[in-house]
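To start, the structure under review is shown below, and the notes come after it.
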Amino acid sequence: MNDSDSHDPRHLLSARRDAFFGRAAALGLRPDPRWFWYHTIDLGRGLITPGSFDYRDVLARYGFPDRLDGKRALDVGAASGFFSLALAARGASVTACEVPGFADWDHFPGEAPGSVVEKIRGLLVHHTLWSQAEVDHLFAGADAALLHDLLLEQPFAFACRASGLPVRRLRASWRTLDRALTGEPRFDLVLLADVLPHVVDPLAALAAVATWCGDRLVVAQELWGAPEDPPLLRYIGGDQPGQDVAEWWRPTFAWFAQVLAKLGFREIRLWDRFETRVFPAGHRQPKTVIQARR
Ligand SMILES: C[S@@+](CC[C@H](N)C(=O)[O-])C[C@H]1O[C@@H](n2cnc3c(N)ncnc32)[C@H](O)[C@@H]1O
């Protein structure tokens, strides 16, 4: 690889993928090449997953306490588990919640439950090294349950096993989380990262997730406008059926600040703002971290 290649996101991801499979083989591990790595995760022993989102350099900007020993943390929409494992590494007892299947994602009114599968099919070429033909081949050879396993469940389980960090997996959406599942009335830290954009009613979802938070809520996602803008929830879903990428809303910071205050939080702070690069597509995604305390 030459110098300019090392800055090219496709080459970088390709090098990371080769290194991952090489190292896994050396360790006697057999990750499935059909797995989708949402996150780049350093699992230790030189094993680093080739993910579309690499938050390793910006983790400090989420403002998690250095140590969380004795604390219970809930990661809502954990995907392949970067944040769950980061919280477990700080000593927290972590519950990682992920939807049981694609039908549990929100869908735009009038669209079919599970319509997100088609949207993900279109998105994967921007988030993996697979061509559209390879993605289509994968989708043609697997039903929705197997696809969900390959894209979400199995990589997460592998990451937990390989890292040796105990994380409890709960198969639930923000709607179906209940006490019988969690076994806990509340968590000391709740993380809601990049889930609300995929929710049709973000006010209901934020309120539901907030009920699980006993102390610190960390929200991270793209916001609309400037921090001083009024409390707005901007619709971004377009006017054509199927046009959106299962994202409908961009709130302003003031929307979060007012809603979280009304939900009983205090010390609501815009913690940090930064950009992350999406692999292998290369575009930058703005991210705002908000912290709120009970
Ligand atoms: C954009 S990813 C964000 C992953 C991770 N939280 C992060 O910030 O890197 C959105 C995640 O939310 C999950 N998700 C989608 N709808 C959900 C719902 N209704 N309840 C809980 N999680 C959901 C998806 O399966 C996916 O793992």
* Considering only residues of the stretch 209-229 that are over 26 Å from GLY70 (Cβ atoms) and open to solvent by 10 Å² or more (accessible area, probe 1.4 Å), which is nearest to the ligand (Cβ to nearest atom)? -> GLU222
* Could you look through the stretch 104-113, keep only residues that are out of contact with any Ser or Thr (no Cβ under 7 Å at 6 or more places or on another chain) and either within 12 Å of the ligand (Cβ to nearest atom) or not in a loop (DSSP other than H, G, I, E, B) (or both), and pick out the one that is most open to solvent (accessible area, probe 1.4 Å)? => PRO113
* Among (1) under 20 Å from VAL76 (Cα atoms); (2) loosely packed, with under 14 Cβ neighbours inside 10 Å; (3) touching a residue at least 60 places away in the same chain (Cβ under 8 Å), which single condition is LYS287 missing? -> (2)
* Asked: In the stretch 119-168, how many residues are surrounded by 15 or more Cβ atoms within 10 Å (Cβ to Cβ) and under 30 Å from LEU74 (Cβ atoms)?
  -> 27
* Can you run down the residue pairs with Cβ atoms below 8 Å, 6 or more apart or on separate chains, where the first is in the stretch 158-175 and among the β-branched types (Val, Ile, Thr) and the partner is assigned to a helix (DSSP H, G or I) and surrounded by 19 or more Cβ atoms within 10 Å (Cβ to Cβ)? => VAL167/SER84; VAL167/LEU85; VAL167/ALA88; VAL167/CYS160
* Structure fact -> In the set ARG67, ARG72, ARG90, the lone residue that is open to solvent by less than 50 Å² (accessible area, probe 1.4 Å) and away from the ligand (no atom under 13 Å from the Cβ) is ARG90
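Of the residues ALA254, ALA226, which single one is assigned to a helix (DSSP H, G or I), without any contact (Cβ under 8 Å) to a residue 40 or more places away in the chain and among the small types (Gly, Ala, Ser)? Give the steps one after another, and end with the answer.
Details: ALA226 fails: assigned to a helix (DSSP H, G or I).
Residue meeting the stated conditions: ALA254.
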* State whether one or more residues within the stretch 235-250 are farther than 23 Å from ALA89 by Cβ and among the basic types (Lys, Arg). => yes
* Asked: In the set LEU43, LEU74, LEU12, LEU68, which member is aliphatic (A, V, I, L, M), more than 28 Å from PRO100 (Cα to Cα) and in contact (Cβ under 8 Å) with a residue 24 or more places away in the chain?
  -> LEU12
* To do: List every residue pair whose Cβ atoms lie under 6 Å apart, where the two residues are 6 or more positions apart in sequence or sit on different chains, the first residue falls within the stretch 80-96 and is farther than 11 Å from LEU189 by Cβ, and the second residue, located anywhere, is of a type in the set (Lys, Arg).
  => GLY91/ARG67; ALA96/ARG169
* Only one of PHE265, PHE187 that is touching a strand residue (DSSP E or B) at 6+ places or on another chain (Cβ under 7 Å), closer than 25 Å to LEU59 by Cβ and more than 16 Å from the ligand (Cβ to nearest atom) -> PHE265
* **The lone exception for GLY237 - which of (1) surrounded by 15 or more Cβ atoms within 10 Å (Cβ to Cβ); (2) small (Gly, Ala, Ser); (3) within 16 Å of the ligand (Cβ to nearest atom) it fails** => (1)
* Criterion: among the small types (Gly, Ala, Ser) and either open to solvent by 50 Å² or more (accessible area, probe 1.4 Å) or modelled with pLDDT of 95 or more (or both) - qualifying residue of GLY81, GLY101 -> GLY81
* Quick one: which of ALA180, ALA205, ALA159, ALA193 is within 14 Å of the ligand (Cβ to nearest atom), of a type in the set (Gly, Ala, Ser) and farther than 30 Å from LEU233 by Cβ? -> ALA159
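The values are calculated or read from the model by the stated rules, or taken from the named source; none is laboratory data. Predicted, not measured: the structure shown is a model, and the values here were computed from it. Don't worry about glycine lacking a Cβ; one is built from the backbone with ideal geometry, like all the others, and counts go over all protein chains shown. Just so you know, the surface numbers come from the protein's heavy atoms only, side chains and all, with ligands and any DNA or RNA stripped out. Shrake-Rupley method; radii C 1.70, N 1.55, O 1.52, S 1.80 Å.
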